[in-house]
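Only one structure is covered here, and it is reproduced in the block below.
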Amino acid sequence: MLKKLALLVLTMFACTCVSRAAVINPDFSKVISRQDLNRTSSIAIAVKDLNTSKVLYKKNENKMLNTASTLKLFTFASALDTLGNDYKFETAFFVYGNNLYLKLGADPLLEKNDLFELVSNLKKSVNFKTIKYIYIDDKIISSTPYPDGWCVDDFWPNFPPISPYIIDRNMVKIRLVLSIARDSINIVQQDRYRFSFINRLQITDDSTKIDIVKDYSGMKEVMGLTGTINEDTDLELPVNNPRYFFITRLEDAFGKYSIPYGDKFYFKEVPAGAKKIASVSHSIEEVSVPILKYSDNFTSEVLFRVAAHKYALKNNIKPQTNGMSTGTTKNGVLMFMNYYSKAGLDMEGIKIVDGSGVSRYNAASPGWICDALVYLNKNLDIRKYMQTADEGTLKKRLRYLKDNLYAKTGTHNGLSALCGVLKTRKGKDVVFSIVIQSYSLAQGVLKSFEDDLVDCIFSL
């Protein structure tokens with residue numbers, strides 16, 4: 001009996017080894033040929049030794065392709081260099097004379113409770129009987145809602161306009177409640193920020209599939225609901241007027257702490273010599289998590305503009321229009337190009353127009369990405385901010401490489417990209433970039449193909 005059990009264990013072990021060997025195949029050409037890529041598909045790969053920059057594998061390594069959200073890693077790095085490891089996204093009150101100034105920090109992680117904490121500390125620090133006016137300084141980033149090159153499908157319905165006014169990610173929750181008789185739908189809005197709805201939803205016993213349509217004329221707060229609904233459902237909608245949304249939250253905080261300010265809020269920069277009396281903040285490391293682990297577009301674009309503002313101040317770049325912010329996507333691109341040019345990279349290998357990789361106008365070559373990764377690992381300790389296998393957007397992927405792989409994913413329709421740092425089976429540290437574009441099969445098949453290519457790199 002013991003012999004049979006031992007034989008069974010050995011057989012299972014052998015089968016496991018065969019199965020793993022079938023996946024880990026160092027022959028890139030065989031893995032690629034199995035996909036039967038059609039004439040419209042493109043694949044580009046580059047692998048380099050992290051320490052020597054020696055090319056270990058290449059295929060179309062200089063081909064410029066859209067790399068989707070992998071771009072976030074490189075825009076984040078340029079922003080980190082500009083802002084510094086100790087940078088805080090700070091929202092703070094200052095006092096000057098008989099006036100208060102609220103300086104916005106464009107903090108993408110700022111929530112209602114943070115704002116309430118700020119106002120609570122403010123009340124402890126100032127005698128409101130002496131305060132005449134309250135001003136808001138909102139010059140840290142531009143209020144241009146979306147970068148150039150973005151289409152409606154890129155941001156609606158999940159992406160609020162980019163703004164210095166940020167609270168609760170500028171999203172509002174609503175609830176759709178079916179009547180007991182299942183013959184009507186009640187739209188419950190508990191937030192002070194309200195939408196108007198044109199409800200064309202059909203109640204069904206099958207499934208819930210809701211499409212949200214927006215009236216774009218004048219950025220009106222009119223939403224159309226179409227599709228089907230079979231149960232009570234929660235939705236989250238982006239606000240169209242971030243300033244109004246933020247101020248309603250601020251008024252709520254003033255009301256909670258019975259702050260006697262009856263005037264409206266005005267807008268002016270904090271004067272030199274003003275004294276900071278209350279603040280809340282989040283670190284750049286905290287902000288890196290939604291960007292590099294969960295590939296959040298909104299947070300990435302806000303960071304890019306915040307860094308652009310500091311870059312413009314350092315380099316004496318003036319706003320194009322008097323009184324406007326220098327925290328623009330355009331200045332962010334200047335910052336990015338300057339950073340990697342100084343690093344000695346060939347800037348013919350990349351083109352960017354935004355900070356998140358959403359735009360279809362972005363393009364980079366795997367060769368350029370590998371060169372940038374070599375530089376960032378030597379000069380910025382970029383792995384400290386990156387996700388490993390089975391984490392964030394790599395959840396349930398490449399688990400056997402956990403803590404050996406640090407990577408950034410990118411996904412558009414029919415496109416997948418992955419780049420990062422990997423310790424191979426032989427203990428060699430390598431950087432790599434994979435871009436697969438115009439792929440007609442399902443997204444799951446595309447990601448599996450990408451993982452097989454990582455297996456090839458692991459076996460080098």
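Using packing as a proxy for protection, rank 365-374, 90-99, 238-247 so that the peptide with the highest average count of other Cβ atoms within 10 Å comes first. Show your work: numbers first, answer last.
On the way: 365-374: 25.2, 90-99: 17.4, 238-247: 20.0.
By packing density, highest mean first, the sequence is 365-374, 238-247, 90-99.
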For residue 214, which sequence-distant residues (separation of 5 or more, or a different chain) have an amide H within less than 5 Å of its own amide H, given hydrogens modelled in the peptide plane? 224
In vacuo Debye scattering of the range 178-294, one point per C-alpha: log10 I(q)/I(0) at q = 0.10, 0.12, 0.20 Å⁻¹? -0.56, -0.75, -1.19
Quick one: what Rg and Dmax do you get for the range 384-460 from the alpha carbons, in Å? 12.0, 36
Stretched out fully, how many nm does the piece from residue 129 to residue 324 gain, at 0.36 nm a residue minus the Cα gap? 66.9 nm
If I fit a long axis through the Cα atoms of helix 71-83 and take the longest principal axis of the Cα atoms of the chain, what angle between them do I get, 0 to 90°, rounded to 10? 50
Ranked packing of 338-351, 265-278, 376-389, most packed first, by mean Cβ within 10 Å: 376-389, 338-351, 265-278
Environment charge at residue 269 (Cβ cut-off 13 Å; Lys +1, Arg +1, Asp -1, Glu -1): +1
So, in Å, what gap is there between the alpha-carbon centers of the range 391-412 and the range 47-124? 21
Treating the angle as unsigned and between 0 and 90°, give the value, to the nearest 10°, between the Cα long axis of helix 2-23 and the longest Cα principal axis of the chain. 70
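Given charges of +1 on the Cβ of Lys and Arg and -1 on the Cβ of Asp and Glu, with all other atoms neutral, how large is the dipole of the range 363-460 about its Cα centre, in debye to the nearest 20?
That gives a dipole near 260 debye.
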With the other protein chains left in place, how much accessible area per residue, in square angstrom, belongs to the chain at a 1.4 angstrom probe? 48
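May I have the convex hull volume per residue, in Å³, for the Cα set of the range 310-403? Could the numbers behind the result be given before it?
Values: hull volume 13.7 nm³, N = 94.
For the range 310-403, the hull spanned by Cα atoms encloses 146 Å³ per residue.
Relative contact order, percent, of the chain when contacts are C-alpha pairs under 8 Å separated by at least 6 residues?
26 percent.
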Mean separation of Cα pairs under 8 Å and 6+ residues apart, divided by the residue count of the range 412-454: what relative contact order is that in percent? 41
Given 396/423; 173/209; 214/268, the pairs whose alpha carbons are separated by over 23 Å: 214/268
Which whole-number percent gives the relative contact order of the range 184-313, counting Cα pairs below 8 Å spaced six or more residues apart? 16
Looking only at aspartates and glutamates whose Cα falls under 19 Å of residue 395's and that sit 8 or more positions away or on another chain, we get 296, 403, 450, 451, 452, 455
May I ask for the angle, rounded to the nearest 10°, between helix 112-125 and the longest principal axis of the chain, with both axes built from Cα atoms and the value confined to 0 to 90°? 40
Summing -39500 (n - 2.57) over every DSSP H run of at least 4 residues in the chain and dividing by its residue count gives a helix-only mean residue ellipticity at 222 nm, to the nearest 500 deg cm²/dmol, of -9500 deg cm²/dmol
Taking 18 Å as the cut-off for C-alpha to C-alpha distance, list the pairs among 112/139; 132/275; 63/447 that go past it. 112/139; 63/447
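The values are calculated or read from the model by the stated rules, or taken from the named source; none is laboratory data. Because the structure is predicted, anything quoted here is derived from the model rather than measured. Here Cβ is always computed from backbone atoms with ideal geometry, including for glycine, and neighbour counts include all displayed protein chains. These area figures cover heavy atoms from the full protein model, side chains too; ligands, DNA and RNA do not enter into them. Shrake-Rupley method; radii C 1.70, N 1.55, O 1.52, S 1.80 Å.
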